[in-house]
Amino acid sequence: MQSQVEPNLSYFIAKARSIDGRSFQKKIKVAILSSFTINGLEEALRVKCAESDITCATYLYGYGQYNQDILDQSSKLYEFSPDITFMIIDTRSVLSTLFYTPYTIPANDRRTYIDKRVADFVNLVKTFKNRTGSKLVLTNCSIPTYSPYGICEVRTEYGLKEMVYDFNARLSDAFRSDPQVFLFDFNSFVAKYGEINVLDYRQFLVGDIKVSLSYIPHLAEELMGYVKANLGVNRKCIVLDLDNTLWGGIIGEDGFDRIDLSLKPPGMAFMEFQRVLLALYQRGVILAINSRNNEDEALRAIRDHPFMVLREEHFATMKINWSDKISNMKEIAQELNIGLDSIVYFDDDPINRELMSKAIPQIKTIDLPDDPSLYASTLMQINDFNTLVMTNEDRKRGEMYREEHKRTELKRSSSNLEDFLKQLEIRVTMKKANNFTIPRIAQLTLKTNQFNLTTRRYQEEDVETLAQDHTKLIGCAQTQDKFGDNGITGVYIVNKNHEDKEWFIDTFLLSCRVMGRGIEDAMMGYILSKAKEEGVIKVKAEFIPTKKNKPCEQLLPNFGFKKEGEQWVYTYKVPIKQTNHVELNED
Amino acid sequence: MSSNLLDIVANVMEVQVSQIDDESGPETIENWDSFRGLILFEELESKFNVKFTLN
């Protein structure tokens with residue numbers, strides 16, 4: 001794989017000084033624990049955060065001290081109260097002298113040793129979780145490439161490499177479904193860049209450095225995946241050009257039979273690229289086309305070319321026309337209801353890229369290499385599609401956007417909005433927060449920007465705590481219509497004050513996908529009716545304006561909430577607004 | 001020393017180029033700790049395509 005170009009560590013060290021003191025809206029505190037010297041990682045993380053408009057405070061703890069830092073309740077670690085803690089451990093420190101001389105003890109003892117080390121880490125993590133709400137990203141260990149047994153290593157029962165495989169597998173198992181703990185595949189990181197590069201013996205011997213300085217920026221880049229996902233800063237959509245991007249050549253000039261797209265080079269590079277795109281589509285990344293072409297010619301290739309991997313059904317929208325690409329891009333964002341800052345753009349033409357990055361700098365325009373063989377690996381280097389959890393909604397997103405396309409068609413053919421909404425046959429099911437819905441509830445609070453009254457962010461653990469609290473009411477809305485299931489798209493959190501017969505709406509949000517169909521009204525109506533049933537006489541709410549949440553500005557006044565200072569108050573003087581075209585159920 | 005080399009040393013050690021001369025080292029420059037020393041190695045190796053040994 002082509003490796004991403006990263007500046008030297010000295011660049012980050014110098015740059016970190018110049019960005020200190022700059023402040024962005026998004027903030028994160030990162031703690032780093034490690035079993036070896038990892039100087040420079042702090043600076044690289046801070047600089048990379050600043051590049052993504054995130055203010056990052058870091059704290060690096062003494063190497064090899066992580067046991068004390070975690071066990072000591074009054075340690076600097078807990079005083080710092082990080083949002084994310086990276087704990088980076090290496091194989092030598094886990095295996096101790098067995099790393100060099102594993103065969104001084106019999107296989108059974110080696111097993112016992114690994115059992116004990118796994119238990120040590122599981123206990124340490126348990127203590128950590130009891131003391132802090134910080135996310136913990138723990139590394140696994142890189143598998144040693146050398147064995148004193150040479151070619152006989154693989155015949156050896158529970159040999160050196162198997163010890164580490166087993167250690168890694170058991171750490172994975174231990175934390176697979178833990179919402180607070182993530183295992184970073186450090187072994188893959190070392191494999192990607194090569195053990196002989198990542199471990200520079202000179203630096204190791206001089207300074208106990210086990211990730212050489214040249215690879216610290218690469219490590220920081222991979223760890224940024226967690227930082228961005230934790231803040232909900234991720235990209236959702238890949239917009240693609242066609243000619244020389246999805247296939248080789250120009251469909252309008254070379255024709256259907258002559259474009260490069262086949263099982264052998266040069267056409268194979270494009271198939272390879274499309275296969276990686278398809279896999280991203282299946283994890284929930286939206287695909288769209290923005291191409292200057294004759295629509296019928298391009299569509300024929302997409303529909304009928306035998307080696308197209310991606311077909312019409314995979315694209316949420318296709319802008320194939322002769323308008324300028326920048327207007328097309330804006331239309332795509334509008335039609336899909338996504339921010340321009342959630343788009344990644346692939347185009348082989350440097351001039352188009354230049355124009356796009358000038359006109360819409362929020363879009364991540366990829367500097368595509370001239371050689372199409374490198375397209376797939378370029379795509380695989382992009383670290384912006386991460387979410388901390390994968391929900392069913394993620395996996396079905398592509399399908400949902402296709403259904404959305406059908407809705408747009410219906411809207412076009414309907415005489416007016418009311419008529420369209422009636423024909424949609426919308427059904428909303430209000431659900432409680434439970435094990436099935438909590439991951440998605442947290443995800444929506446972290447990601448939703450537009451229709452979100454207060455933009456309060458809650459991690460999965462926070463939602464779990466809220467769900468246990470009897471003074472809170474927390475739930476979500478699943479929406480369906482005649483074209484399909486949109487999954488869980490709405491969330492509300494209410495603080496109940498029984499003494500004063502008052503409710504306070506802490507959070508009210510709706511995924512931008514389903515905005516403007518009265519679902520928000522059905523949800524609000526549900527909350528107000530529910531409150532009335534419980535004898536509430538006053539429902540208070542807030543609208544905290546941000547750069548993005550203008551779409552929900554009118555929700556409260558439309559329901560007859562009156563502004564009192566910073567809050568909005570509803571006192572049942574006007575009847576609860578009805579939403580007749582929506583069928584509402586409770587689960 | 002060439003000016004390019006001086007620039008690299010000054011940049012890594014966070015001092016003025018004028019403060020660097022042939023005698024500069026950990027004893028004469030306060031910022032020159034072992035970590036910066038290693039960064040300097042890395043910079044020089046990548047800029048001049050050379051390899052240092054530990055001796």
**Request:** Tally the residues that are open to solvent by 50 Å² or more (accessible area, probe 1.4 Å) and farther than 27 Å from A:Gly232 by Cα, restricting the search to region A:530-548.
**Result:** 5
**Prompt:** How many of the residues in region B:12-30 are within 14 Å of another protein chain (Cβ to nearest Cβ) and among the β-branched types (Val, Ile, Thr)?
**Reply:** 2
**Prompt:** What are the residues in region B:1-11 that are open to solvent by 20 Å² or more (accessible area, probe 1.4 Å) and more than 8 Å from chain A (Cβ to nearest Cβ), if any?
**Reply:** B:Met1, B:Ser2, B:Ser3, B:Asn4, B:Leu5, B:Leu6, B:Asp7
**Request:** Answer yes or no: is there a residue in region A:208-224 that is among the hydroxyl-bearing types (Ser, Thr, Tyr), within 14 Å of chain B (Cβ to nearest Cβ) and in contact (Cβ under 8 Å) with a residue 40 or more places away in the chain.
**Result:** yes
**Request:** Determine whether region A:560-570 contains at least one residue that is touching a strand residue (DSSP E or B) at 6+ places or on another chain (Cβ under 7 Å), more than 30 Å from A:Arg395 (Cβ to Cβ), of a type in the set (Gly, Ala, Ser) and not in a loop (DSSP other than H, G, I, E, B).
**Result:** no
**Message:** I need the full set of residues from region A:335-347 which are more than 21 Å from the chain's Cα centre (by Cα) and surrounded by fewer than 21 Cβ atoms within 10 Å (Cβ to Cβ), in order please.
**Reply:** A:Glu335
**Request:** Output the number of residues of region A:95-130 satisfying the condition of being closer than 24 Å to A:Leu231 by Cα, touching a Leu at 6+ places or on another chain (Cβ under 9 Å) and surrounded by fewer than 17 Cβ atoms within 10 Å (Cβ to Cβ).
**Result:** 1
**Prompt:** Pick from A:Gly225, A:Gly232: which is assigned to a helix (DSSP H, G or I) and surrounded by fewer than 21 Cβ atoms within 10 Å (Cβ to Cβ)?
**Reply:** A:Gly225
**Prompt:** Out of the residues in region A:29-60 that are under 18 Å from A:Asp384 (Cβ atoms) and buried (at least 20 other Cβ atoms within 10 Å of the Cβ), which is farthest from the other protein chains (Cβ to nearest Cβ)?
**Reply:** A:Ile54
**Message:** One residue is enough: does region A:170-177 have a residue meeting the conditions in a helix (DSSP H, G or I), surrounded by 15 or more Cβ atoms within 10 Å (Cβ to Cβ) and more than 23 Å from the chain's Cα centre (by Cα)?
**Reply:** yes
**Message:** Can you tell me which of (1) open to solvent by 10 Å² or more (accessible area, probe 1.4 Å); (2) within 25 Å of A:Arg457 (Cβ to Cβ); (3) in contact with a Gly (Cβ under 8 Å, 6 or more places away or on another chain) is the one A:Lys501 doesn't meet?
**Reply:** (2)
**Asked** Among the residues of region A:86-97, is any on the phi < 0 side of the Ramachandran plot and without any contact (Cβ under 8 Å) to a residue 40 or more places away in the chain?
**Response** yes
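Residue-wise test of (1) closer than 30 Å to A:Lys563 by Cβ; (2) open to solvent by less than 30 Å² (accessible area, probe 1.4 Å).
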| site | (1), (2) |
| --- | --- |
| A:Glu425 | no, no |
| A:Ala433 | yes, yes |
| A:Ile441 | yes, yes |
| A:Gln459 | no, no |
| A:Thr465 | no, no |
| A:Asp481 | no, yes |
| A:Ile488 | no, yes |
| A:Tyr492 | yes, yes |
| A:Leu509 | yes, yes |
**Message:** Please verify whether A:Asp304 is surrounded by fewer than 16 Cβ atoms within 10 Å (Cβ to Cβ) and at negative phi, treating the condition exactly as stated.
**Reply:** yes
**Fill in**
Of those in region B:31-55 that are within 22 Å of A:Phe12 (Cβ to Cβ) and part of a loop (DSSP other than H, G, I, E, B), the residue nearest to the other protein chains (Cβ to nearest Cβ) is B:Phe52
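The values are calculated or read from the model by the stated rules, or taken from the named source; none is laboratory data. Given the structure is predicted, the values throughout are model-derived calculations rather than measurements. Because the Cβ atoms are built from the backbone with ideal geometry, glycine has one as well, and the counts that use them run over all protein chains shown. Only protein heavy atoms, including side chains, enter the accessible area calculation; ligands, DNA and RNA are left aside. Shrake-Rupley method; radii C 1.70, N 1.55, O 1.52, S 1.80 Å.
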